[in-house]
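The values are calculated or read from the model by the stated rules, or taken from the named source; none is laboratory data. Keep in mind the model is a prediction, meaning the values are calculated, not measured. Because the Cβ atoms are built from the backbone with ideal geometry, glycine has one as well, and the counts that use them run over all protein chains shown. When the accessible area is computed, the model is the full protein with side chains, heavy atoms only, and any ligands, DNA or RNA have been set aside. Shrake-Rupley method; radii C 1.70, N 1.55, O 1.52, S 1.80 Å.
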Amino acid sequence: TADGMIWRVDLRLRPEGSRGPLVNSLAAAERYYETWGRLWERAALLRARPIAGDLEFGRAVLREVFTPFVYRREVDPEIATALAELVQRSRAELSKAPERDLKLGPGGIREAEFFIQSLQLIWGGQERTLRVPSSLSALERLESRGLVSDGEAGRLRQAYLLLRTLEHYVQYASGVQTHLLPEREAGLERMARALSFPGEGALLDALERARNDVSELFVSILPSAPRPPSRYQELLGRLDDPDADLPAYARRQIGNPDAGEHLSALARRPDGLLGSATRERFRDIADEVLDAVAESADAEQAARYLMMFFARFLSPAPYVSAFGEDRRALKRLISVLGASVFAAEAFVHSPDLVDSVLFGGGGSTDPTLLIDTLFAEARRMANPSGDPYEWRQTVQTALRRAKQRVMVEVAVMDLAGEIGTREVTRRLAALADEEIERALRFELPEATGLSVIAVGKLGGQDIGYASDLDVLFIFDPEAAPADTDPAEYYVRRAQRVIRLISEPNPAGPGYELDTRLRPSGKSGLLVASLASFARYHGVSLESVPRDSGPAVLSSGAAWERQALLRARVCAGDSALGQRALEVAETAAYARGAPAVSEMHHLRMRMERELARERPGYFDLKTGRGGLLDVEFAVQWLQMRHGADRRVRTPDTATALAALRKGNYVSLSHFQALDAGYKFLRRLEQRIVVLNGSGNTVVTRELPGLAQLARRMGLED
């Protein structure tokens with residue numbers, strides 16, 4: 001009030017500190033100390049005693065809650081080391097001038113009290129006489145029980161009384177709660193005279209002897225050397241302070257001011273990843289977390305997704321324990337979260353991926369075996385012969401879970417440099433093949449009469465994390481059930497396959513299937529019979545029966561022939577698919593290469609109309625010198641030299657190598673095309689992994705451009 005205050009009342013030692021409720025029920029307090037109580041709270045409660053209100057209830061609290069929590073039957077000398085670490089931490093966090101600090105400085109009041117309290121905590125479970133709240137009374141009892149020698153007790157008592165006397169003087173003289181000796185000689189001289197010392201020198205000599213005695217005695221009971229304070233102690237000490245300037249501390253300690261609030265959320269619960277109970281249980285875990293955040297590609301992103309991941313759980317304890325035991329997995333998680341929005345969002349959306357990808361060893365999951373496992377799990381959860389819609393949703397969910405897990409595994413290995421871009425695209429293509437195969441077998445259990453031909457990047461096993469899938473559906477009319485219209489029957493099956501693969505599902509996104517490369521494009525039938533496919537491309541195969549398919553013929557344009565260069569059977573009736581490939585290969589290669597001018601005209605039109613590049617705006621795919629330039633050049637050379645069957649491959653990189661081996665392209669051209677293609681494909685994939693977007697455009701304003709450069713092995 002205007003007349004001042006009676007006493008300063010500090011409530012921060014209550015359960016959960018300044019974040020906890022002002023009052024607790026007895027049951028809540030008991031649960032808290034049983035679950036989350038830390039060593040420093042045991043030391044603090046050594047001095048607990050009821051002073052007001054219902055004193056009998058207060059004594060019951062001591063008896064039923066505090067005493068069992070504070071005093072343990074087992075004798076644990078490491079308590080002294082842990083308390084020594086707390087002294088160091090307090091000194092680093094709270095003391096502005098340790099050399100002048102009577103409380104927190106070396107050999108200060110806190111060390112003297114912790115010497116006594118360490119022995120109380122170590123032996124108090126067996127020696128009930130040590131259970132007293134007064135430090136000097138406890139020291140007398142330790143001496144009487146022979147746990148401290150008479151000489152040790154005398155030295156500590158004398159030092160403690162001097163330190164407390166000096167503390168009382170500086171507080172009385174200043175009128176504030178301070179533990180710092182005066183800085184100026186005049187202040188020390190007045191202090192010496194007031195306390196009956198001959199002068200400032202005698203006072204400082206007595207203080208130095210007292211501090212030396214306290215330090216020697218405290219060190220004498222330590223079974224092992226205490227760890228030095230965390231190098232992040234300045235930040236860690238403020239994470240649970242609602243008034244702290246977290247951005248400033250985060251900027252100084254980890255180089256990113258925006259990460260502070262996310263890290264604070266991880267420290268909010270005692271059992272959180274950076275909570276006080278976790279830091280006490282797992283040595284150095286806080287340093288390792290903050291090291292990994294600071295070293296990640298984007299510290300704010302890493303901290304944000306780490307916070308979001310742990311926010312998914314009512315209790316973070318199981319994952320905190322797992323990461324506490326496996327620090328390599330913890331560091332890898334943080335590295336991935338800071339480097340990849342794509343993987344980070346997957347981990348946050350599906351935390352079970354962390355179990356399989358990080359704790360399960362990551363890497364080499366076979367899509368076939370994984371989908372078999374997920375289907376078996378689905379059959380245990382749902383009845384295949386029950387509600388058809390429900391079973392279809394269950395199957396779709398299993399396919400989505402498999403897709404997400406394999407793609408995240410590949411992304412994690414990709415980011416770690418364990419696999420190269422080519423291996424990435426092959427694994428992603430194998431996954432897509434298996435997903436289409438399973439979808440087709442679900443909708444057409446006998447899997448005969450319908451084949452899925454991959455073209456485009458899927459055909460070349462060159463797809464990325466965000467690629468759509470270019471496919472053709474080829475059917476055999478003679479395999480259709482009797483009394484059905486074959487085209488209509490297989491159109492419906494193909495439509496159902498597409499929906500199963502692409503429809504939204506809570507387990508994650510599916511694939512976009514693009515069928516526009518089919519005969520007659522969007523205006524043509526979704527499925528084509530083998531005969532109509534051959535006739536459309538002007539290929540005559542005696543073994544192919546005629547049917548009533550479309551009579552329209554291909555224009556023979558270069559782009560249609562180019563599309564067939566990358567044809568590959570990816571699912572369904574393999575025998576039918578092989579016959580379709582014969583048609584595709586004949587159409588692609590038999591007529592040789594088209595005029596260069598025709599392909600160049602098409603390429604320039606795509607560059608103008610699709611890329612629309614300008615200064616500082618680059619399209620990796622359709623822009624000048626982009627991926628399509630490499631692909632068009634290689635495909636034209638393939639058609640020109642198609643008589644050499646070595647160049648007949650849907651894989652661009654393999655085709656380019658074969659062209660060089662056949663001496664159909666000069667060494668300098670090969671090197672330029674090969675290096676450019678690898679760089680652009682890697683950059684394309686990195687953008688998806690880092691930003692979670694399938695965008696192939698690079699601009700000077702691209703989010704995370706510096707991180708993208710580092711992931712490409714460039715300095716800036």
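Go through (1) part of a helix (DSSP H, G or I); (2) touching a Gly at 6+ places or on another chain (Cβ under 7 Å); (3) of a type in the set (Gly, Ala, Ser); (4) open to solvent by 10 Å² or more (accessible area, probe 1.4 Å) for Ala302 and report which single condition fails.
The single condition Ala302 does not satisfy is (4).
Does Gly704 meet the test of being touching a Ser or Thr at 6+ places or on another chain (Cβ under 8 Å), touching a residue at least 40 places away in the same chain (Cβ under 8 Å) and not aromatic (Phe, Trp, Tyr)?
no
Just give me the residues in segment 250-263 being surrounded by 22 or more Cβ atoms within 10 Å (Cβ to Cβ) and free of Cβ contacts under 8 Å to residues at least 24 places away in the same chain, in sequence order.
Listed by number, the list holds a single entry, Ala250.
Any residue that is farther than 23 Å from Ser296 by Cα, not polar (S, T, N, Q) and not in a helix (DSSP H, G or I) - is there at least one of those in segment 313-333?
yes
Can you run down the residue pairs with Cβ atoms below 6 Å, 6 or more apart or on separate chains, where the first is in segment 377-388 and at pLDDT 80 or above and the partner is among the β-branched types (Val, Ile, Thr)?
Ala378/Thr394
Assuming Val170 fulfils every condition listed in (1) over 18 Å from Pro98 (Cα atoms); (2) part of a helix (DSSP H, G or I); (3) β-branched (Val, Ile, Thr) apart from one, which condition is it?
Every condition holds for Val170 apart from (1).
Which of the numbered conditions does Ala657 fail, given that it passes all the others? Conditions: (1) among the small types (Gly, Ala, Ser); (2) under 26 Å from the mean Cα position of the chain (by Cα); (3) in a helix (DSSP H, G or I).
(2)
Can you confirm whether Phe670 is of a type in the set (Phe, Trp, Tyr), in contact (Cβ under 8 Å) with a residue 60 or more places away in the chain and open to solvent by less than 70 Å² (accessible area, probe 1.4 Å)?
Here the answer is no, as Phe670 does not meet what is asked.
For Leu195, are the conditions met, namely being within 26 Å of Leu39 (Cα to Cα), open to solvent by less than 60 Å² (accessible area, probe 1.4 Å) and either modelled with pLDDT under 95 or not β-branched (Val, Ile, Thr) (or both)?
Answer is no for this residue.
Could you list, in sequence order, the residues of segment 14-39 that are outside any helix (DSSP H, G or I) and surrounded by 14 or more Cβ atoms within 10 Å (Cβ to Cβ)?
Arg14, Pro15, Glu16, Gly20, Asn24, Trp36, Gly37, Arg38
With the requirement that a residue be open to solvent by 30 Å² or more (accessible area, probe 1.4 Å) and within 35 Å of the chain's Cα centre (by Cα), what does segment 63-89 give you?
Glu78, Ala82, Gln88, Arg89
Is it true that Pro106 is out of contact with any Leu (no Cβ under 9 Å at 6 or more places or on another chain) and not in a helix (DSSP H, G or I)?
yes
Tally up the residues in segment 40-54 that are open to solvent by 20 Å² or more (accessible area, probe 1.4 Å) and either on the phi > 0 side of the Ramachandran plot or in a helix (DSSP H, G or I) (or both), please.
Final tally of qualifying residues: 5.
Return the residues of segment 139-164 that are touching a residue at least 24 places away in the same chain (Cβ under 8 Å) and open to solvent by less than 50 Å² (accessible area, probe 1.4 Å); say none if nothing qualifies.
Leu142, Val148, Leu156, Ala159, Tyr160, Leu162, Leu163
Do you know which residues across segment 199-243 are part of a helix (DSSP H, G or I) and aromatic (Phe, Trp, Tyr)?
Phe218
Take the residues of segment 693-713 that are among the charged types (D, E, K, R) and over 18 Å from Ala416 (Cβ atoms): which is least open to solvent (accessible area, probe 1.4 Å)?
Here the residue is Glu701.
Pull out all pairs, ordered by first then second residue, where Cβ-Cβ is under 8 Å, the residues are six or more apart or on different chains, the first lies in segment 490-511 and is more than 15 Å from Phe473 (Cβ to Cβ), and the second is open to solvent by less than 20 Å² (accessible area, probe 1.4 Å) and assigned to a loop (DSSP other than H, G, I, E, B).
Ala507/Ser350; Gly508/Ser350
I'm trying to understand the selection: among the residues of segment 463-477, which are charged (D, E, K, R) and within 16 Å of Ser502 (Cβ to Cβ)?
Asp468, Asp470
So which strands (runs of 3 or more DSSP E) are wholly in segment 432-544 and hold at least 1 residues that are at pLDDT 95 or above, on the phi > 0 side of the Ramachandran plot and open to solvent by less than 20 Å² (accessible area, probe 1.4 Å)?
Per the criteria, no element qualifies.
Of the conditions (1) assigned to a helix (DSSP H, G or I); (2) of a type in the set (Gly, Ala, Ser); (3) farther than 25 Å from Ala43 by Cα, Ser196 fails just one. Which one is it?
Answer for Ser196: the failing condition is (1).
Is there a residue in segment 230-245 that is crowded, with 17+ Cβ neighbours inside 10 Å, closer than 21 Å to Glu78 by Cα and out of contact with any strand residue (DSSP E or B) (no Cβ under 9 Å at 6 or more places or on another chain)?
yes
Filter segment 264-293 for residues that are assigned to a helix (DSSP H, G or I), of a type in the set (A, V, I, L, M, F, W, C) and either in contact with a Leu (Cβ under 6 Å, 6 or more places away or on another chain) or open to solvent by 40 Å² or more (accessible area, probe 1.4 Å) (or both) and give the result.
Across segment 264-293, the qualifying residues are Leu266, Ala267, Ala286.
What about Asp352, is it surrounded by fewer than 20 Cβ atoms within 10 Å (Cβ to Cβ), of a type in the set (Asp, Glu) and either farther than 26 Å from Arg89 by Cα or touching a strand residue (DSSP E or B) at 6+ places or on another chain (Cβ under 9 Å) (or both)?
Against the criterion (surrounded by fewer than 20 Cβ atoms within 10 Å (Cβ to Cβ), of a type in the set (Asp, Glu) and either farther than 26 Å from Arg89 by Cα or touching a strand residue (DSSP E or B) at 6+ places or on another chain (Cβ under 9 Å) (or both)), Asp352 qualifies.
Evaluate the following for Val688: is it farther than 24 Å from Ser340 by Cβ, among the aliphatic types (A, V, I, L, M), buried (at least 20 other Cβ atoms within 10 Å of the Cβ) and touching a residue at least 12 places away in the same chain (Cβ under 8 Å)?
Considered against the rule, which asks whether it is farther than 24 Å from Ser340 by Cβ, among the aliphatic types (A, V, I, L, M), buried (at least 20 other Cβ atoms within 10 Å of the Cβ) and touching a residue at least 12 places away in the same chain (Cβ under 8 Å), Val688 comes out as no.
Please go through (1) open to solvent by 20 Å² or more (accessible area, probe 1.4 Å); (2) part of a helix (DSSP H, G or I) for Ala60 and return the number of the only condition it doesn't satisfy.
All conditions pass for Ala60, except number (1).
Could you tell me whether segment 96-116 includes any residue that is more than 30 Å from Ser230 (Cα to Cα) and either within 41 Å of the chain's Cα centre (by Cα) or open to solvent by 50 Å² or more (accessible area, probe 1.4 Å) (or both)?
no
Please pick out the residue among Phe359, Phe342, Phe347 that is of a type in the set (Phe, Trp, Tyr), open to solvent by less than 40 Å² (accessible area, probe 1.4 Å) and under 27 Å from Thr394 (Cβ atoms).
From the options Phe359, Phe342, Phe347, the qualifying one is Phe347.
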